[in-house]
Amino acid sequence: MRSRELMMSGNQNNSYTPIPIEEKWQTRWEHEATNTLSPQALEEGENSYYNLMMFPYPSAEGLHVGNIYAFTGADVHGRFQQLTGHTVFEPIGFDAFGIHSENFALKQSLHPMDLIPSNVTNFTRQLKRMGGMFDWKHTVDTTDPSYYRWTQWIFLQLFKSGLAVRKEAPVNWCPSCMTVLSNEQVVGGRCERCNTPVEQRHIAQWFFRITEYSQRLLDGLKQIDWSETTKKAQENWIGRSEGAILNFPISVEEDETTSLDHLTQDELSSVTINLKTIEVFTTRPDTVFGATYIVLSPEHPLVKEVTSDQQREAVQAYQKKTAKLDLVARQKTEKTKTGVFTGGYALNPATGTVIPVWIADYVMMTYGTGAIMAVPGHDQRDFDFAKAMDLPIKQVVSAEKKSKDTVTDILQAYSGDGVLINSKHFDGLSVAEGKKAICDWLKTKDMASVHVGYRLHDWCISRQRYWGPPIPIIHCDECGPVAVPEESLPIILPRIENFKPDDSGVSPLARLEEWYLADCPECGKTARRETDVSDTFLDSSWYFLRYPSTDSEDVPFDSTITRKWLPVNCYIGGNEHAVLHLLYSRFITMALYDIGHIDFQEPFVRFRAHGLIIREGSKMSKSKGNVIIPDQIIEKYGADTFRTYLMFLGPFDEGGDYQDDGIQGPHGFLHRVWETAMLSLQNDKQEKDSNVERKLHQTIQQVTDQIPELRYNTSIAALMEYLNVVRSKGRTPQRCEIEPLVVMIAPFAPHLAEEIWESFGHSESLFSGVNWPEYSADKARADTVEMAIQINGKLRATITVQAEMDQEELEKLSRAEKNISRYLEMGTVKRVIYVPNRLINFVLESNNA
RNA sequence: GCCGAGGUGGCGAAAUGGUAUACGCAGGGGACUUAAAAUCCCCCGGGAGAAAUCCCAUGCGGGUUCGAGUCCCGCCCUCGGCACCA
């Protein structure tokens, strides 16, 4: 009977044939809806476990190894949870909107509306072929109106609560992609996608006010179980820094050759007309006595006011030059500093000295207040500038207590710790004390306030492109920007044949008058639709909320189901999304919580970043022609082998080196598992072999501990070791030794496991029950152990003894060892270290010495 | 420059402060076979030695410890992230 089943799965001679076996089980899983949750199961599922992985962008090239690596790692986790008694929901979908698809379509002269469906079909085929336990009844495609209807709905929720605002702002413009990029999409001043230098433009854009959430996003990190590297990346990205805002009153013009140092503060105040003050943000208020000039960002609004008539021409020329400068050039750290004196002055609130106000492009309008107090003695950038412009440098912090002299010819800024000098009555305080004391002092004069700055910027979601969800706003001349009524959603993205962007900075949709003309929902007059589409990252910032609720058409996420399944139990994905997708998802979740749509603030309880796969020691790239084509590997070895090998390469969170020959190991291993299982079918004598039994329980223990920790490579190694013990010296395997092995290999090689499981006479899918083996600590315990015998910490002999042997007896046996007695004669034992079941160490005092 | 992660055989990699190199690849030897493939068994860090055994070895230099790949201090290198962020 069993052999007939094997014949049916394509086995003529009882050897392992992965391809027919995998086809058979993939078909069966689909027919029997093994991995699909019914609406009822979604509402009631016991012990629910939401196992999420980052959904792919469906490229024309198909799944790459990186995708398969990540999905396999996540799927192994899901299958393990299933086998240990959870109801696992493991969805997959497609992140198909965005510049990526659009650019590819343009290049190939295709329409994304034609391209994407065929890519999705191909991806679906490949995803099924790799044997993931995906729930194909609950997928998501961000380009489907039934999905982006709700993306637009999310925009409206944020708009209505004031978190979406339209503002004109300098933005990053990619002249090649012809669109605005978010700060996150600019890498080193270049477009992340096409590496073109980014330019500055001023366009009215929609922004999400993520900066309102800076502190919450930072605080939340402490409570979630995420990869440390990812948390650290977010922390750096948010970039909290504590400091103060200090006020520098703008002073009357002074002849720059006149030194004002001799004037008293009262005298100075009398010549100061308090028109305006320049606010600067600093993390070093303790160095304010060393602030010898002020620098405004060239775009700073006060530049106009401080600039003197004589300097106006030079200032405007510099502003013009900076505005033209792309961000790459501007952000080059190495370049020599440039700037122009405005002709204006400000009053140092601490010294009472009048100091010059400059503009320079090394000060950014986008950070802090767009203005700094320059302390060249203690900030390298200010130092470089002061040297270049011949501005005074004053030392106010001394590294050593003794040197109180004013160093005039220092070679570089000193930014370390020390004591304050040249700071009047604050002299002698430490940097930390000085910060507080000076801040407090200036506060009493209304010249300072404590301030926390963040590096994080608001999230610009406008894209002047075609391939995205139209932003659901109608611009009315009377009413301004008006929300599209929710019942009118979705605003369908129309099919237009010429979707190529141009340099005008407006979306291709703006060429479609019949589309963008619409009645104002408030006053009914003819108005214009917003023609920008939203950022792809908005699509992916909430997709995990949609998955369990794809059966609901009238709500984005069903409240009962959402309460049951969210937040996500485990999320696995690449660390390249540490500060983009993962931060935005957290922000959207918090915003929806505040608005009252969901009852949790963090979307992903646990997140693990996987590592990267390289090949034969170097990065894979199309240009090098060394990319692995998954289809070819699967065709040759089967999905089970591919999966197992990928998980065996190295630690999942670190990635690994894909060596072509290496796949032989796991391949042979699965062959051997199969053969051993078939042998055990014919030899079911159930004789107890304590050696094998002990190893089995040790293995179960190790694998049960390690799989949830994603330590897959060592788990597979443990299974290999176990099989080596089972088969050692040609030993005949027994079924009770193999059945648990089959279950433990199942997360990695699910098809093989199912087939053997069926051969063992089970009619139900292995994954339909709680089949994970239990271990007994008793049975895992060894009765004899190999002990190391050391002399002065060096291994000199090993001895196999009864486990838990007491020190006295072990010492006796050890001393009897030939090599040990030899050493013991050479000195006297000063001390004996005994580590039960591990080692005994004789510490000698040499007789010779 | 700042923040992470890492550096162990020919290679991918293992090791709660306790016998370094598990597991696998490649390589060598053997069995089975007319032959090949597949499979199975054995060897495999370097050096000395007939052997017992000894010495050396986890990027480099110090330290703590009975004992350090692991902990501490100071460097070097590789890879990721951030970066005139005030």
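Values for this structure:
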read-out	value
Difference of contour (0.36 nm per residue) and Cα-Cα distance, A:N837 to A:N683	51.9 nm
At R0 = 45 Å, FRET efficiency that the Cβ-Cβ distance of A:A777 and A:S623 yields, to 0.05	0.25
Residue-count net charge about A:D551 - beta-carbon cut-off 13 Å; Lys, Arg +1, Asp, Glu -1	-3
Rounded to the nearest 10 Å², the accessible area of A:E616 at probe 1.4 Å	100 Å²
Nearby aspartates and glutamates by direct alpha-carbon distance to A:K830 (threshold 17 angstrom, same-chain neighbours under 8 apart not counted)	A:E808, A:E811, A:E845
Spin-label pair A:R495/A:E809, simplified geometry with 7 Å Cα→Cβ offset, distance in nm	8.4 nm
Full-extension gain in nm, A:D440 to A:S690, via 0.36 nm per residue minus C-alpha separation	82.5 nm
Region A:527-589-region A:428-459 distance, computed between alpha-carbon centres (Å)	39 Å
Partner lysines for A:K320 [C-alpha distance under 17 Å; skip if fewer than 8 residues away on the same chain]	A:K304, A:K337
Paramagnetic reach from A:D477 in region A:525-539 [backbone N under 11 Å; point 7 Å along Cα→Cβ]	A:526-528
Cβ-Cβ FRET estimate between A:Q802 and A:E23, R0 fixed at 45 Å, reported to 0.05	0.30
Acute angle (nearest 10 degrees) that the helix A:309-324 long axis makes with the longest principal axis of chain A, alpha-carbon atoms	20 degrees
Tilt relative to chain A, helix A:735-745 - C-alpha long axis, 0 to 90 degrees, to 10	10 degrees
Theoretical gain in end-to-end length, A:V506 to A:D660 [0.36 nm per residue, Cα-Cα removed]	50.6 nm
Helix A:431-444 vs. chain A, principal-axis angle (Cα, 0 to 90°, nearest 10)	50 degrees
Sequence-distant lysines (8 or more away, or on other chains) whose Cα lies within less than 24 Å of A:K622	A:K107, A:K636
A:S15-A:E46 FRET efficiency (beta carbon distance; Förster radius 51 Å; 0.05 resolution)	0.80
Burial ranking of peptide ranges A:73-83, A:626-636, A:154-164, A:342-352 (average Cβ count within 10 Å, highest at the top)	A:73-83, A:342-352, A:154-164, A:626-636
Distance (nanometres) between label positions extended 7 Å along Cα→Cβ at A:V829 and A:E242	5.7 nm
Column: log10 I(q)/I(0), Debye, Cα scatterers of chain A, q = 0.04, 0.05, 0.07, 0.08 Å⁻¹	-0.27, -0.42, -0.75, -0.90
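The values are calculated or read from the model by the stated rules, or taken from the named source; none is laboratory data. Because the structure is a prediction, the values reported are computed rather than measured. Positions of Cβ are generated from backbone atoms using ideal geometry, with glycine treated the same way; all protein chains shown enter the neighbour counts. Keep in mind that these areas ignore ligands, DNA and RNA; they rest on the heavy atoms of the full protein, side chains included. Shrake-Rupley method; radii C 1.70, N 1.55, O 1.52, S 1.80 Å.
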